[in-house]
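Undergrad: Below is the structure I would like to discuss, written out as structure tokens.
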Amino acid sequence: MQATQIIHAYKQAPWRVQRQYVGAFLLVIIVLALVAALYLDLSARTTLAGRDIQELQAQITAIQRSNADLETELADLTSSAIMQQRALELGYRPVKPGELDYVFVPGYVAPEPDILLASADSTSRSFALPEIYSQSLLEWLDDRIKSRGGMQ
Amino acid sequence: MRQQYANRSLFIVIGLVIIGVGIIAQMVRIQNSEQAKLFLSRGDIYAGEFRTFNPERGEIYDRNGHLLAGNRTVYEVGVSLPQMKDVDAMAYVLSTYLNMTDGEVRDKLLNSPADWTYVVVKDYVSTETVTALQQVLDRLDAADDNRLNGLGFKPHFERSYPEKNLASNVLGFVTQDGRGYFGIEEKYNDLLAGVPVQVWVPRDPNKATEIPRVPNGTTLVLTLDRDLQAKVENILDQSLRDYGAKNGAIIVMDPKTGGILAMATTPRMDLNNYTDYFQVYDNGSQYNRSIGMAYEAGSVVKILTMAAALDTNTVTPGTTFIDTGSIEVGGITIQNWDRQAWGQQDMIGCLKHSLNVCLAWVATQIGSPNFYSYMEHFGLGHPTGIDLSGEAMGRLKIPGDSDWYPVDLGTNAFGQGVTVTPLQMLMAASAIANDGQMVTPHVLYAMLRDGHQYNVPSQYAGSPISAQTAHTLTDMLAVSVVDESVGALLPGYRIAGKTGTAQIPTEYGYDPNHTNASFIGWGPVDDPKFMIYVWLQEPETSIWSSQTAAPVFSEVAQQTVITLNLPPDMVRNQYGSR
């Protein structure tokens, strides 16, 4: 009889237990909602980033086309026949061998054509995806920790 | 009462559970049904598409960075059939702008196969035309008019040649299927075209993937000098008019590297209109006569005979020969070009007067095995290996061949009965101009790909003669050209060279009225910077090369020294001594 009394004394009221269940249920719901919201946010950002990448790639392609078009147009405008015609219109005429004077310039080396120089430069401008786009979260954390360690 | 409520509740719960389980079971059944598989496979068709990304074809530049072959954007104009609203409006607009008849457009739109959803109305449409069409679309869009719904433009590249017909025989051309024909475009087609990449591109934005970077085709830099090429082509065209020649070829080469500085031939075509090919040429060998057409070059071959004779110590420049006007070789009598006897001559005189009898005698003194061994080492009868497609080998009959006769030793010595291309002669003579070392001719200077530059090294094709022989013969030719071919001289520069007037073989023997006029020469003699070969086919004003090909050589040499900034010998020696 005494034990029963003790149990009754410490047993929670039924409404209290029910409230705990409801609370736990709501907690689960809130956690799930949070996870869902995070997932939605992340996937939306990923999608936007993907779309941005595609748009940028389309822009790059368009610019490359434009570059090729402009380069060809420039070559059209400076073609041998057109330049010769423009020179004649400006009053120039082809030089004759006897009209040339040669000057000795010690150490002079004829420059390489632009196309070859541009190519040599472009090695440093070759495309490389920044690390931030390819490293995992752990790698990023590791990087940060190492960089902080390095700073100290 | 309480128990009754409990029973009802239980009943409702069981009912709801049964309904729920039923729904789930039905979902599982539908998901795994045959129809579901069909729907999924159909859905996959629209989930994305395989796209082929064609790299931009590599460009071609001359040695000074002038663009010779580039790319320009053109458009494929097409219509999405499910979106098309008004065939009449579409046919009217497209026929107006695309230079097609209304019927042609309607035929494409209405008579396409039933399963087609997209029809290409016209390809390779210019940017200007597409811009005009786009303006029409924009105006209709602004007016909320959907009559041209479904009309679309897909950009892609088309090969473009800014210099039109300049160096067309060297460059070749690219057809609409993207394949190169002739010249550089064919020889380096795989490098220029690059590697297309096929990628699955999903339509689901969540699956947006990065499109792989497609590297452009390799860009090529040639050894050609655009300005010199233009000048040489002008000289060739003018010389055909001046001398009434049918066709011709001129090559300018660096004798030390084998780099071709200019290579002009006739006829040429505007590479932007490559469909003209069949109107301009009868066969492929005419596309670039410098490499594709072998002919009997005549007396220019005498320099090779003399080189062999000097190298084998058969003769020296001072060796004398009594020219009686004829010599019998293999039972056949050989005569001089003028059928005259020239009396006592040394070897310089033999070259100077281009005496067939003397050179036939020299060949007999060398002996058949030695003579043909030298000719083979000079590359006769073999392709030069130049990096252009469509090269001919020429023909050198050798003892043992069914059609070789002993008299051929005598006639081959002065360039009859042996066929060569202009480039083969130039390559063979490069051994004389380049201290005995023969160079392999080439037109590729460098390749550029992904920011890396690869320079093409010069290649030597052997040393058929010694350096001493080369120097001796060069001096002999420099002396003989002063007396024999005044027209070939270039004031201020010492030149070595040799004329070649060759009768043309026909099925009835040699044509007495027509010749091939050739000239080969190089300079400056003490440090050769250029070699030039001139071939005029059947000149009418004179059959003699000294009066046709030699002056053309001089003119080309003059433009070459100006373009390459080569000072006269006196100036160069003066500066060289500092």
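Undergrad: Is it fair to say residue B:403 is of a type in the set (D, E, K, R) and out of contact with any helix residue (DSSP H, G or I) (no Cβ under 6 Å at 6 or more places or on another chain)? If you could, list the steps in order and put the result at the bottom.
TA: Values: of a type in the set (D, E, K, R): yes; out of contact with any helix residue (DSSP H, G or I) (no Cβ under 6 Å at 6 or more places or on another chain): yes.
It is true that residue B:403 is of a type in the set (D, E, K, R) and out of contact with any helix residue (DSSP H, G or I) (no Cβ under 6 Å at 6 or more places or on another chain).
So that you can scan it fast, the table gives a plain yes or no per residue for (1) at pLDDT below 95; (2) assigned to a helix (DSSP H, G or I); (3) out of contact with any helix residue (DSSP H, G or I) (no Cβ under 9 Å at 6 or more places or on another chain):
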{"site": "B:239", "(1), (2), (3)": "no, yes, no"}
{"site": "B:248", "(1), (2), (3)": "no, no, no"}
{"site": "B:255", "(1), (2), (3)": "no, no, no"}
{"site": "B:273", "(1), (2), (3)": "yes, yes, yes"}
{"site": "B:277", "(1), (2), (3)": "yes, yes, yes"}
{"site": "B:301", "(1), (2), (3)": "no, yes, no"}
{"site": "B:306", "(1), (2), (3)": "no, yes, no"}
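Undergrad: Okay, next question. Name every residue in the stretch A:94-109 that is of a type in the set (Phe, Trp, Tyr) and at the interface with chain B (Cβ under 8 Å from one of its Cβ atoms), in order of residue number.
TA: Restricting attention to the stretch A:94-109, the residues satisfying the condition of being of a type in the set (Phe, Trp, Tyr) are A:102, A:104, A:108.
Scanning the stretch A:94-109 gives A:102, A:104.
Undergrad: So residue B:452 clears everything in (1) surrounded by 21 or more Cβ atoms within 10 Å (Cβ to Cβ); (2) within 14 Å of chain A (Cβ to nearest Cβ) except one condition, right? Which one?
TA: (1)
Undergrad: Return only the number of the condition from (1) closer than 26 Å to residue B:516 by Cα; (2) more than 14 Å from chain A (Cβ to nearest Cβ); (3) touching a Phe, Trp or Tyr at 6+ places or on another chain (Cβ under 8 Å) that residue B:239 does not satisfy.
TA: (3)
Undergrad: Only one of these is among the small types (Gly, Ala, Ser) and over 34 Å from the mean Cα position of the chain (by Cα): B:298, B:381, B:349. Name it.
TA: Values: B:298 fails: over 34 Å from the mean Cα position of the chain (by Cα); B:381 fails: over 34 Å from the mean Cα position of the chain (by Cα).
Criteria check complete, one pass: B:349.
Here is a yes/no grid of residues against (1) of a type in the set (S, T, N, Q); (2) away from chain A (no Cβ under 14 Å); (3) surrounded by 24 or more Cβ atoms within 10 Å (Cβ to Cβ); (4) within 30 Å of residue A:114 (Cα to Cα):
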| residue | (1), (2), (3), (4) |
| --- | --- |
| B:371 | no, yes, yes, no |
| B:389 | yes, yes, no, yes |
| B:397 | no, yes, no, no |
| B:400 | no, yes, no, no |
| B:411 | yes, yes, no, no |
| B:415 | no, yes, yes, no |
| B:446 | no, no, no, yes |
| B:461 | no, yes, no, no |
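Undergrad: Please determine, by comparing only the residues of the stretch B:63-96 that are open to solvent by 40 Å² or more (accessible area, probe 1.4 Å) and of a type in the set (S, T, N, Q), which one is nearest to the other protein chains (Cβ to nearest Cβ).
TA: B:64
Undergrad: Say we look at the stretch B:49-62 and pick out the residues that are assigned to a strand (DSSP E or B) and more than 8 Å from chain A (Cβ to nearest Cβ); which of these is most open to solvent (accessible area, probe 1.4 Å)? Write out each step before concluding.
TA: First, the residues of the stretch B:49-62 that are assigned to a strand (DSSP E or B): B:49-53, B:60-61.
Narrowing the set further to residues that are more than 8 Å from chain A (Cβ to nearest Cβ) leaves B:49-53, B:60.
Values: B:49: 69, B:50: 134, B:51: 97, B:52: 77, B:53: 49, B:60: 0 Å².
The qualifying residue most open to solvent (accessible area, probe 1.4 Å) is B:50.
Undergrad: What is the residue count in the stretch B:117-134 for residues that are surrounded by 15 or more Cβ atoms within 10 Å (Cβ to Cβ), farther than 26 Å from residue B:45 by Cα and either touching a helix residue (DSSP H, G or I) at 6+ places or on another chain (Cβ under 7 Å) or among the small types (Gly, Ala, Ser) (or both)?
TA: 2
Undergrad: Now a separate question. Test of understanding: among B:270, B:227, B:242, B:254, which residue is open to solvent by 10 Å² or more (accessible area, probe 1.4 Å) and over 23 Å from residue B:533 (Cα atoms)?
TA: On the way: B:227 fails: over 23 Å from residue B:533 (Cα atoms); B:242 fails: over 23 Å from residue B:533 (Cα atoms); B:254 fails: over 23 Å from residue B:533 (Cα atoms).
None of the others qualify; the one that does is B:270.
Undergrad: Picking from A:44, A:3, which residue would you name as being over 30 Å from residue B:217 (Cα atoms), open to solvent by less than 90 Å² (accessible area, probe 1.4 Å) and either among the acidic types (Asp, Glu) or away from chain B (no Cβ under 11 Å) (or both)?
TA: Going through A:44, A:3 in turn, just one is over 30 Å from residue B:217 (Cα atoms), open to solvent by less than 90 Å² (accessible area, probe 1.4 Å) and either among the acidic types (Asp, Glu) or away from chain B (no Cβ under 11 Å) (or both): A:3.
Undergrad: For the stretch A:57-75, which positions are more than 7 Å from every other protein chain (Cβ to nearest Cβ) and of a type in the set (D, E, K, R)?
TA: A:73
Undergrad: Restricting attention to the stretch B:97-116, report how many residues are surrounded by 15 or more Cβ atoms within 10 Å (Cβ to Cβ) and outside any helix (DSSP H, G or I).
TA: Qualifying residue count, the stretch B:97-116: 3.
Undergrad: Return the residues of the stretch A:76-93 that are open to solvent by less than 90 Å² (accessible area, probe 1.4 Å) and more than 8 Å from every other protein chain (Cβ to nearest Cβ); say none if nothing qualifies.
TA: Selection gives A:82, A:83, A:87, A:91.
Undergrad: Kindly evaluate residue B:339 against the criterion of being under 16 Å from the mean Cα position of the chain (by Cα) and assigned to a loop (DSSP other than H, G, I, E, B).
TA: Numbers: under 16 Å from the mean Cα position of the chain (by Cα): no; assigned to a loop (DSSP other than H, G, I, E, B): yes.
No: the conditions fail for residue B:339.
For (1) within 27 Å of residue B:477 (Cβ to Cβ); (2) within 28 Å of the chain's Cα centre (by Cα), each residue gets a yes or a no:
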| position | (1), (2) |
| --- | --- |
| B:254 | yes, yes |
| B:271 | no, yes |
| B:323 | yes, no |
| B:334 | yes, no |
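Undergrad: Moving on. Do we find that residue B:415 is in a loop (DSSP other than H, G, I, E, B) and within 21 Å of residue B:518 (Cβ to Cβ) in this structure?
TA: Details: in a loop (DSSP other than H, G, I, E, B): yes; within 21 Å of residue B:518 (Cβ to Cβ): yes.
Judged against the criteria, residue B:415 is a match.
Undergrad: While we're on this one: For residues that are closer than 15 Å to residue B:357 by Cβ and acidic (Asp, Glu), scanning just the stretch B:288-330, find the one that is least open to solvent (accessible area, probe 1.4 Å).
TA: B:323
Undergrad: Also, quick follow-up: Out of everything in the stretch B:430-467 that is in a strand (DSSP E or B), modelled with pLDDT under 95 and aliphatic (A, V, I, L, M), what residue ends up being farthest from residue B:311 (Cα to Cα)?
TA: So, considering only residues that are in a strand (DSSP E or B), modelled with pLDDT under 95 and aliphatic (A, V, I, L, M), the one farthest from residue B:311 (Cα to Cα) is B:448.
Undergrad: Within the stretch B:178-201, take every residue that is of a type outside the set (D, E, K, R) and part of a loop (DSSP other than H, G, I, E, B) and give me the one that is modelled with the lowest pLDDT.
TA: Narrowing the stretch B:178-201 to residues of a type outside the set (D, E, K, R): B:178, B:180-184, B:188-189, B:191-201.
If we keep only those that are part of a loop (DSSP other than H, G, I, E, B) too, we end up with B:178, B:182, B:188, B:194-196.
Working: B:178: 88, B:182: 95, B:188: 95, B:194: 90, B:195: 88, B:196: 84.
Per the criteria, the residue is B:196.
Undergrad: From the residues in the stretch B:135-177 that are in a strand (DSSP E or B) and among the small types (Gly, Ala, Ser), which one is most open to solvent (accessible area, probe 1.4 Å)?
TA: So in the stretch B:135-177, the residues in a strand (DSSP E or B) come out as B:151-160, B:173-174.
Subsequent filtering for residues that are among the small types (Gly, Ala, Ser) retains B:152, B:160.
On the way: B:152: 22, B:160: 1 Å².
Checked the stretch B:135-177; the qualifying residue most open to solvent (accessible area, probe 1.4 Å) is B:152.
Undergrad: Scan the stretch A:61-80 for residues that are of a type in the set (Gly, Ala, Ser) and in a loop (DSSP other than H, G, I, E, B) and jot them down.
TA: Of all residues in the stretch A:61-80, those of a type in the set (Gly, Ala, Ser) come to A:62, A:66, A:68, A:75, A:79-80.
The answer is A:79, and nothing else.
The values are calculated or read from the model by the stated rules, or taken from the named source; none is laboratory data. Here the structure is a predicted model, which is why all the values come from computation and not from measurement. Quick reminder, even Gly has a Cβ in these numbers, built from the backbone with ideal geometry, and neighbours come from all protein chains shown. We work out accessible area using only protein heavy atoms, side chains counted, and drop any ligands, DNA or RNA first. Shrake-Rupley method; radii C 1.70, N 1.55, O 1.52, S 1.80 Å.
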